[in-house]
Amino acid sequence: QVPLVESGGDLVQAGGSLRLSCAAAIRILSSDTVGWDRQAPGNQRELVATITGSGDTNYADSVKGRFIISRDNAKNTVYLQMNSLTPEDTGLYYCRMSRYGIDFWGKGTPVTVSS
């Protein structure tokens, strides 16, 4: 198990911004792909964004142009900057680390966007 601790979730009005952070208790390797998933009430967990060690990013279509994922390997931290939030972005946001084909998740941080 890889300890991942998310933070930064909050209640925000539509159009607002939030920055999520994910702190890993171990060193994030350049070979690790890290990212964020989310799960809205009653829905399945879905990918939000990922970033590889070389900086290649991948975003869900629903967040492209609004969310930015970044990583700071020196601080063992992954970030998700979320802008222009909508109520559809409401959910529990999980940090994910993929190492050698195995996925690890944190416990999540809640994001609620009010209209």
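The values are calculated or read from the model by the stated rules, or taken from the named source; none is laboratory data. None of the values given here were measured: they were computed from a predicted structure. As a convention, Cβ positions derive from the backbone with ideal geometry for all residues, glycine included, and neighbour counts pool all protein chains shown. Just the protein is used for accessible areas: all its heavy atoms, side chains included, with ligands, DNA and RNA removed. Shrake-Rupley method; radii C 1.70, N 1.55, O 1.52, S 1.80 Å.
Just checking, does the stretch 89-96 include any residue being in contact (Cβ under 8 Å) with a residue 12 or more places away in the chain and over 16 Å from residue 8 (Cα atoms)?
no
Going through the stretch 60-74 one residue at a time, which ones are at negative phi, surrounded by fewer than 19 Cβ atoms within 10 Å (Cβ to Cβ) and modelled with pLDDT of 95 or more? Before the answer, list the steps.
Restricting attention to the stretch 60-74, the residues satisfying the condition of being at negative phi are 60-64, 66-74.
From the residues that got through so far, the ones that are surrounded by fewer than 19 Cβ atoms within 10 Å (Cβ to Cβ) too are 60-62, 64, 66, 68, 70, 72-74.
Across the stretch 60-74, the qualifying residues are 60, 61, 62, 64, 66, 68, 70.
Going by the conditions given, is residue 2 of a type in the set (A, V, I, L, M), in contact (Cβ under 8 Å) with a residue 40 or more places away in the chain and not in a loop (DSSP other than H, G, I, E, B)?
No; evaluated as a whole, the condition is false for this residue.
Kindly provide the set of residues from the stretch 19-36 that are open to solvent by less than 20 Å² (accessible area, probe 1.4 Å) and either of a type in the set (S, T, N, Q) or over 15 Å from residue 102 (Cβ atoms) (or both), ordered by number.
Residues satisfying the conditions are 20, 22, 36.
Can you name the residue in the stretch 75-98 that is in a strand (DSSP E or B) and open to solvent by 40 Å² or more (accessible area, probe 1.4 Å) and, of all such residues, is nearest to residue 27 (Cα to Cα)?
Among those residues, the one meeting the criterion is 81.
May I ask you to list the residues in the stretch 37-51 that are open to solvent by less than 40 Å² (accessible area, probe 1.4 Å) and either among the small types (Gly, Ala, Ser) or part of a loop (DSSP other than H, G, I, E, B) (or both)?
40, 49
Residues that are modelled with pLDDT of 95 or more, farther than 18 Å from residue 106 by Cβ and touching a Ser or Thr at 6+ places or on another chain (Cβ under 7 Å): does the stretch 32-52 have at least one?
Scanning the stretch 32-52 turns up at least one residue that is modelled with pLDDT of 95 or more, farther than 18 Å from residue 106 by Cβ and touching a Ser or Thr at 6+ places or on another chain (Cβ under 7 Å).
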